[in-house]
Every structure is written in C-alpha cells, then in structure tokens.
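A short reminder: the numbers here are calculations on the coordinates, not readings from a lab. Computed from a predicted structure; not experimentally measured. Heads up, the Cβs are rebuilt from the backbone with ideal geometry, glycines too, and the neighbour counts pull from every protein chain shown.
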Amino acid sequence: MPRSFTTPVSTRIRFPAPGRSGRAALALALSLSAALSVAGAPVACAAGAAPAPTPRAEAQVLALSQQIMAMRSVVGEGNETPRVAAAIRDALVAGGWSAADVEIVPLKDTAYLIATWKGSNAKLKPLVVSGHMDVVEAKRADWQRDPFVPVVEDGILYGRGATDMKFNAAQAVSSLIDLRQSGYKPKRTIVIAFSGDEETTMATSRAIAERLKGAELVINVDGGGGKLDEATGKPVYWAWDGAEKTYADFKLEVTNPGGHSSAPRPDNAIVQLSRALERIGAHHFAAEQNPLTKAWFERAAAFESDAATAAAMRAFAADPNDEKALAVLRANPSTVGKVGTTCVPTMVSGGHALNALPQRATANINCRIFPGNKPAEVMAELARVAAEPSVTFTDVSEGSTASPASPMRADFVGAAEAAIHAAWPGVPVIPMQASGASDSMWYRSVGVAAYGASPLMTKDSEEFSHGLNERVRLSNVRPGLVYYNALFTRLTQ
C-alpha cells in the first residue's frame, strides 16, 4: 500500500522564503520527507514495471512545490510566472537536461516553458506533458494563511496553487527527473509544456499547441483526479477526462431613444431585454451524449448516494432522450452540465439615470457548449429563443476555442488504468468530460488527442481550487510518483 504522509496535530512547518536556494529547499524537504514517512512498505514495483520512486523524488515534490507556490504568478503587475518557469528549468537542468533543451519564451507579462527529453526513436511522435504555471489571484486579507507562503499543517500543504496546479506540476517534473536519473531511456521523445496564462487569455496555451501540433498525444496534469472518502480518507474512484465543453460569452444589447421617465414608451430597453432573458433562462438545449459521457453516467451511478439520481444516470446512459431522466439530471447542479449545452445569464446592466427611460440595456450569457457544436450555432439558437428583434447578439468570448472530444484510445486507457492501479490497487476508473476549460482544448483543436489525467486524490470537502485556503494532502506524494513513473514509461517505451 502507498506510504502515507502524516504529521502530529501539533506539527506546523513553514517553508523558506522564495529567495532560498533550491538546494537548501531540497535539503529541508528531504528531512521533511523522512519526518512525514511512517512505518510500512512502499508501493511495490513489479518485475519489468517502472522504477519505484526514490526518497529524493518524494522530497523534490515538496521542495519544488513550496518554491514555486511562494511565487505570485498572477496576471498583471508583478507577475512572477517567468520566475516559476526559471525554477522548473533549474530543477530540470540539475536533473540531467541540458540547458539547450529547456526553453523559456516570454510573452507580454508572462512566459511559457518547453523542455525536451529526446527519445531514442526519432520516428515516434512525442508525448507532451502539459500544465500551467500561473494561478488565480489570492488576497492575504481573505485567507486564514498567507496564500503565497506555503505551510504544512497536519500533513496538508496550504497555499495558492496547491491543487491548481503547482503541486501537480512539481510532481510530474519530479517523476521525470527521477526516471532520468534512474537510467530510464524513453524511445518516444517527452516534451514538458507549461503555459503561463491558462487562467486568463490562454495566449501561451495557444502558442504551445501550435508548436506541438505534431505530437502523438498529451497528458494534461491539470485535469482528472480522484475522490477520497470523507470518513476514511481512502480512494473512492479515479477519473480521467478526454473532452471539455467550449466556453463562450454572448453579449445581448437593446438600445432605443429613451426619454423622461414621466412619459413611458412601449419600447423600454430593460423590459425588452428582460423578456429575452426570461425565455433564454427557461430554454433547454437538446440532450447529447458521447462515448465519454455515456461511460461516465454508467460507472458514476454506482457512487451516487441518491437513488433517484442514480436511476436517472443509468436511464440517461441507456437513452439520452429519456425525458424523465433528463428532468432529474437537469435539476441537479452536479449533473446538468453533463447532459448537453448550458447557457445562463451571468451579468446585466441597464439605464443611465433614476428618472430617465433607459437608452441601453445589456446582459451577458455564459455558455458551456457540448463538444461538436459551434458557438455561432448556439448563439443563433439563443436569438431564436429570445424572439425579441430589438435584441442584438455578439460573441465576446476570449481565450477559448471549440474542440472535439478525444477518442478513448486503447493505449492511453490501458496505460492510465495500469498506472493508477499501481498507485492505488483496485480503485475504480471512470472516464469523464470536463465542464471547465484547460489547455487541452488547444491541442484537441489542432488534432492532437489530449487527456486530463492527474493522480491527485481529494476529499470533496477539501476541494478549494480558485477558492480560499487551497490545500492538498501530502498522502498524494508517493502514490502520485508511482502513477507518473508507470504512466510515462508505458507511453514512451
């Protein structure tokens, strides 16, 4: 079984300031790794399997995580994403990469990183290990702890980027360094590609995908993951994603001459817009299903505690036009996004004075579009549903592109299941389609299969990505390395 990382209740560890050298941080993490280890055998490495993680790799996950989590890689003035890239570059060079094989490309206030580990067979297309180095904003006044001063308490690492996704990046990088230092020689070239603005405009994400459009497949460590039981802390299931919905924003606008509020007109901009919004809010797009979502409904139903919802999940998997099942699933926030395209009003503004008829009223409709549908088609359907000729529609989406679902490739599925079972024997595996957006969509849009496949296991009650007091359990360290070592070797042998 995986070795757990726990600390006594009284233990509180603050990591060194960002300026501390990587060597000193690693030394601290090595001692921390020993302190966190408890008696018990490490995850077994069967004959012919990937090398077992070394204690140094376990320590480096912590050291590199704390180093880059202390850097405020947030868009805008003072963006330290280039420093994160430099820290990862330094770790790779110290781990065996030549400086020439690690490239940092500046772009506006950020940067992206591409590091290449050349395989022995140049005819094989490369495997891309994808992720991002930027994080969303976090204010010290809002957090219980400083979000950019990583701290370990009771076996949990707190700080911005703990789950999204600096810990994931550090773990994947540490695994590759461990493999290289163990003597592993991949046949297929491995490319580490970390973007620098995934949380905002995704300009670096798009640039990377364009450069790597000749890749065989992408493992995005910013996606997928598993669920831990709230009471026991044991894994319940693990999921990988092979598709995601397209993000889109549509601006609705009504304008008219306005006038004095004492002389109302029949063509009131706010009223006209409100009628359109009411119709849009009541509209359901056609139910849709693909192999990923069908498999998710079939397998995830076994873990649904509500009997009615579980029955609806199974019924929808069997027949996506089952209206009774759809009514249940559309009423549930956790499943409504999985049965088709969704669009919802998120912002509204109108009028310019308390005693004047509005000359302008606007609203934003945010849509998450099921793969295979074009944003222009969705916007046209919204216009038909609104049925208000005075309302104009404009696509104002930024940092998004439509992308198809990746196929359920046997090589990836087999490697991912074998890898996660090496780390967590017997854990159920569920394919899924993500509702959020990630760098994967840019690869898929240029024809490269991409899979969100992080080994991170989290309790629902401890999921705080983008939120306050973000955290990750250090019990993920060794199993995650076991997983990555197995996955990377199986896909590059």
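Distance between the pseudo-spin-label points of ALA380 and LYS108 (7 Å out from Cα toward the beta carbon): 3.1 nm. Taken over the C-alpha atoms, region 186-315 has Rg and Dmax values of 23.8, 78 angstrom. For the chain, the longest principal axis of the C-alpha atoms and the axis of helix 81-94 are separated by about 20°.
Inter-label distance, SER120 to ASN355: 8.6 nm, where each label sits 7 Å from its Cα along the C-beta direction.
Summing Cβ point charges (Lys, Arg +1; Asp, Glu -1) relative to the Cα centre of region 287-340 gives a dipole of roughly 100 debye. Computed from point charges on the beta carbon alone (+1 for Lys and Arg, -1 for Asp and Glu), the dipole magnitude for the chain about its Cα centre is near 1200 Debye.
When peptides 214-220, 355-361, 188-194, 65-71 are ranked by their average number of other Cβ atoms within 10 Å per residue, the highest-first order is 65-71, 188-194, 214-220, 355-361. When each of GLU230, GLU199, GLU470 is scored by the number of other beta-carbon atoms lying within 10 Å, the sequence from fewest to most is GLU230, GLU199, GLU470. Taking the Cα of GLU137, stepping 7 Å toward and past its beta carbon, and measuring to each backbone N in region 454-471: which are under 19 Å? Zone members listed by number: 465-470. Helix 477-492 versus the longest principal axis of the chain: what angle, 0 to 90°, nearest 10, using Cα atoms? Long axis of 477-492 versus the principal axis of the chain: about 90 degrees.
Taking other Cβ atoms within 10 Å as a rough exposure proxy, ASP241, ASP322 sort from fewest to most as ASP322, ASP241. For the peptides 430-436, 257-263, the ranking by mean Cβ contacts within 10 Å, running from highest to lowest, is 430-436, 257-263. Along region 396-402 the Karplus relation, 6.51 cos²θ - 1.76 cosθ + 1.60 evaluated at θ = phi - 60°, assigns HN-Hα couplings of 10, 5, 9, x, 8, 8, 5 Hz to successive residues, with x for each Gly and Pro. Helical content of the chain, expressed as a calculated mean residue ellipticity at 222 nm, amounts to -10000 deg cm²/dmol (DSSP H runs of 4 or more residues, -39,500 (n - 2.57) each, divided by residue number, nearest 500). Counting other Cβ atoms within 10 Å as a rough exposure proxy, the listed residues PHE148, PHE316 run PHE148, PHE316 from fewest neighbours to most.
With the convex hull constructed from alpha-carbon coordinates only, the chain shows a mean projected area of 25.5 nm² over all directions.
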